[in-house]
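Visitor: Encoded as structure tokens, here's the structure I'll be asking about.
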Amino acid sequence: MTAMTYDAAAAHLVQTNPAFATTRATIRGTSYTVFANSPPTLRDMLHRSRALHLDGEDDYLIYQSERLSYDAFCDEVCMMARALQSRGIVPGDRVAVAMRNYPELLILFLATASIGAVIVFVNAWWTEEELDYALRDSGARMVFADGPRMQRLLPLKDRLGLTLIGVRDGAEIAPEAFDTVRKTGAGAGWPDVHIDTDDDFAIMYSSGTTGHPKGVVLTHRGAVNAVYTWLMQSAMYPLMQEDEPDPDPPTPVILVATPLFHVTATHPVFLYSIPAGARIVLMYKWDAAEAVRLIRDEKVTRLLGVPTQTADLMECAARMGEPLDSLKFLGSGGAKRPAAQVGQLTQAFPNALVATGWGMTETNAIGIGMAGADYVSRPGTAGKLYPPVQELRFLDEAGQDVAPGEVGEITVKSPCNMRQYLNKPEATAEVLKDGWLRTGDLGCIDDAGFVTIVDRAKNIIIRGGENIACLDVENALHHHPAVAEACAFPVPDARLGETVGALVQIRTGMAAEVAELQAFLRAHIAHFKIPEHVWMQGDPLPRGATDKLDRRGIRALCSDLLQKGDPQDAGHV
């Protein structure tokens, strides 16, 4: 067969496949391109996909020794939906989940969405202080949590009026257990609740530049249109190959290797699996050797993780002598892969289409990406805009379009964009106008439509795919009595991409040790946010002409010291 170009494949599918046909819709007063025939809600998507999981007895969800068929999974979702309803949860109510990757999280996710309530995803690494903020901000009063998270939530129970329900080891210390609540939903039939396609379904927290994470409010329509965007990408790839497509392809099997409180795992992995007719294999947490075994034993065909994970997998598979030839797709998101790694992965896994993607929690994770030969030949670029429901602009600081090829802020419009930042109308208005979302990333586009991301307008550190607000780290450092001022910044790291660095001014007449500072921070911020590289000085930190911290200068100064062998983590500038 003759290979199509990227744009031709997209146009062909929109014109010939009813699943990807588009129309126009007005959402909150703004007109958007949307998929014409996609399910209106996540609940409808779950029901419509039963026909795709042809044998209801086949495994759909695999977690360690536990296996659920698609029918059994849907039954569990239905039972928990009824249970939540019996506990007084009504449309619009917020239900929080705080746990590692367990099947119960996925069941609660869709059960909550299926009755018009809103699921609040809580970062499993957060401290008690961070949990307190998110629960106050979201208004969630019912929280499902595993053991480690429950330990941090119990002190908040009376203060916030929480209903705490324990999952797995959390049931041993919680006032109520998941299994007990679940059984109250026994019965027949799905709850009769009307859900509009533009109703909210989730609040996911995203690190921003204002210290506290922002609650990103997402809608059913946004999530479904994002899922169908990835389905269309999967349908485009065979059209872009010279080889004839496999007439009887194996059932897709997807490894869930990233935390389910992140949009990377929930949307292009879990939600994608439902209309894709795929099987999912759930990992409790990342372990490269365990991932190799699962891919080999479960014949995993698709893995989407952060670059650190795919690099770990490549090294571990080579060490274990496992070719992992079942892999057909090896994608990454959350951070940029080192250019050299792209070719290495292609050689290590020749059966796999190596891909990259850029997206945000605020966009339901869709955005820009590429795969295969395009990626190998352009490893430094982010890729092309995913069709067909997105639009793209590059804006200057005044909000005006820059000329093609010039650097501007990447700005996207689609029905997948968030509805708002929860309780933050000013922050919402700052980034979202007339359906266009200013992403905070700076980039440019070439004549062929490939986008290169050159910098971040926001002060964000991306550590192994985790977004960390510099201001979040700085605010925590300022709690220490010896700290007069602090500036956090990214430090390049071969494995994680970036780690956290900080330059700290110590108050006159006071002293602090790096190890003591790091220990102090554990009560205030999650462990992955704690600076691994710290420099201290008695003088005020460098500032620019407008009296703002000279972040670039500070970063360059400390990077230079690091390269010269200055003993990081201890010592003074």
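The values are calculated or read from the model by the stated rules, or taken from the named source; none is laboratory data. Everything quoted here is computed from the prediction, not taken from an experiment. Cβ placement follows ideal geometry from the backbone for every residue including glycine, while neighbour counts extend to all protein chains displayed.
Visitor: So, in the stretch 267-302, exactly how many residues are touching a helix residue (DSSP H, G or I) at 6+ places or on another chain (Cβ under 7 Å), touching a residue at least 40 places away in the same chain (Cβ under 8 Å) and not in a loop (DSSP other than H, G, I, E, B)?
Guide: Adding up the residues that qualify gives 8.
Visitor: Right, another one. Which of the residues spanning the stretch 343-365 are more than 16 Å from the chain's Cα centre (by Cα), among the β-branched types (V, I, T) and buried (at least 22 other Cβ atoms within 10 Å of the Cβ)?
Guide: Passing the criteria: only V354.
Visitor: Select from the stretch 497-539 the residues that are surrounded by 18 or more Cβ atoms within 10 Å (Cβ to Cβ) and part of a helix (DSSP H, G or I) and list them in ascending order.
Guide: V514, L517, F520, L521, K529
Visitor: Grab the strands (runs of 3 or more DSSP E) fully contained in the stretch 90-192, keeping just those with 1 or more residues being aromatic (F, W, Y) and either at pLDDT 95 or above or closer than 25 Å to L521 by Cβ (or both).
Guide: Hits in the stretch 90-192: 118-121, 142-145.
Visitor: State yes or no: is V227 among the aliphatic types (A, V, I, L, M), in a helix (DSSP H, G or I) and either surrounded by fewer than 24 Cβ atoms within 10 Å (Cβ to Cβ) or touching a His at 6+ places or on another chain (Cβ under 9 Å) (or both)?
Guide: Judged against the criteria, V227 is a match.
Visitor: Here is a follow-up. Tally up the residues in the stretch 12-29 that are in a helix (DSSP H, G or I) and under 28 Å from the mean Cα position of the chain (by Cα), please.
Guide: Result for the stretch 12-29: 4.
Matching residues to (1) among the charged types (D, E, K, R); (2) touching a residue at least 24 places away in the same chain (Cβ under 8 Å); (3) under 30 Å from D199 (Cβ atoms); (4) not assigned by TED's automatic domain parsing to the domain that holds D137:
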residue	(1), (2), (3), (4)
A355	no, yes, no, yes
N364	no, yes, yes, yes
I368	no, yes, yes, yes
V376	no, yes, no, yes
L392	no, yes, yes, yes
A403	no, no, no, yes
G408	no, yes, no, yes
G435	no, yes, yes, yes
C444	no, yes, no, yes
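Visitor: Starting from residues that are under 21 Å from V504 (Cα atoms) and among the charged types (D, E, K, R), keep the ones in the stretch 460-478 and report whichever is surrounded by the most Cβ atoms within 10 Å (Cβ to Cβ).
Guide: D472
Visitor: Within the stretch 374-386, can one find any residue that is within 16 Å of A223 (Cα to Cα) and crowded, with 19+ Cβ neighbours inside 10 Å?
Guide: yes
Visitor: Filter the stretch 379-405 down to the residues that are in a loop (DSSP other than H, G, I, E, B), closer than 26 Å to V342 by Cα, within 24 Å of the chain's Cα centre (by Cα) and of a type outside the set (A, V, I, L, M, F, W, C) and list them by number.
Guide: Across the stretch 379-405, the qualifying residues are P379, G380, T381, Y386, P387.
Visitor: Additional query: Can you run down the residue pairs with Cβ atoms below 7 Å, 6 or more apart or on separate chains, where the first is in the stretch 154-182 and touching a residue at least 24 places away in the same chain (Cβ under 8 Å) and more than 19 Å from L131 (Cα to Cα) and the partner is assigned to a helix (DSSP H, G or I) and acidic (D, E)?
Guide: What qualifies is F178/E104.
Visitor: Would you be able to tell me the number of residues in the stretch 324-348 that are over 21 Å from W358 (Cα atoms) and either free of Cβ contacts under 8 Å to residues at least 24 places away in the same chain or small (G, A, S) (or both)? Quick ask: steps written out before the conclusion?
Guide: At the first step, the residues of the stretch 324-348 found to be over 21 Å from W358 (Cα atoms) are 324-327, 347-348.
Okay, now just the ones that are also either free of Cβ contacts under 8 Å to residues at least 24 places away in the same chain or small (G, A, S) (or both), so 326, 347-348.
Qualifying residue count for the region: 3.
Visitor: Another question about this same structure. Please pick out the residue among D447, D493, D455, D472 that is at pLDDT 90 or above and among the acidic types (D, E).
Guide: The unique qualifying residue is D447.
Visitor: I'd like to verify a number: residues in the stretch 172-200 that are surrounded by 14 or more Cβ atoms within 10 Å (Cβ to Cβ), touching a helix residue (DSSP H, G or I) at 6+ places or on another chain (Cβ under 9 Å) and farther than 21 Å from D75 by Cβ, how many?
Guide: 6
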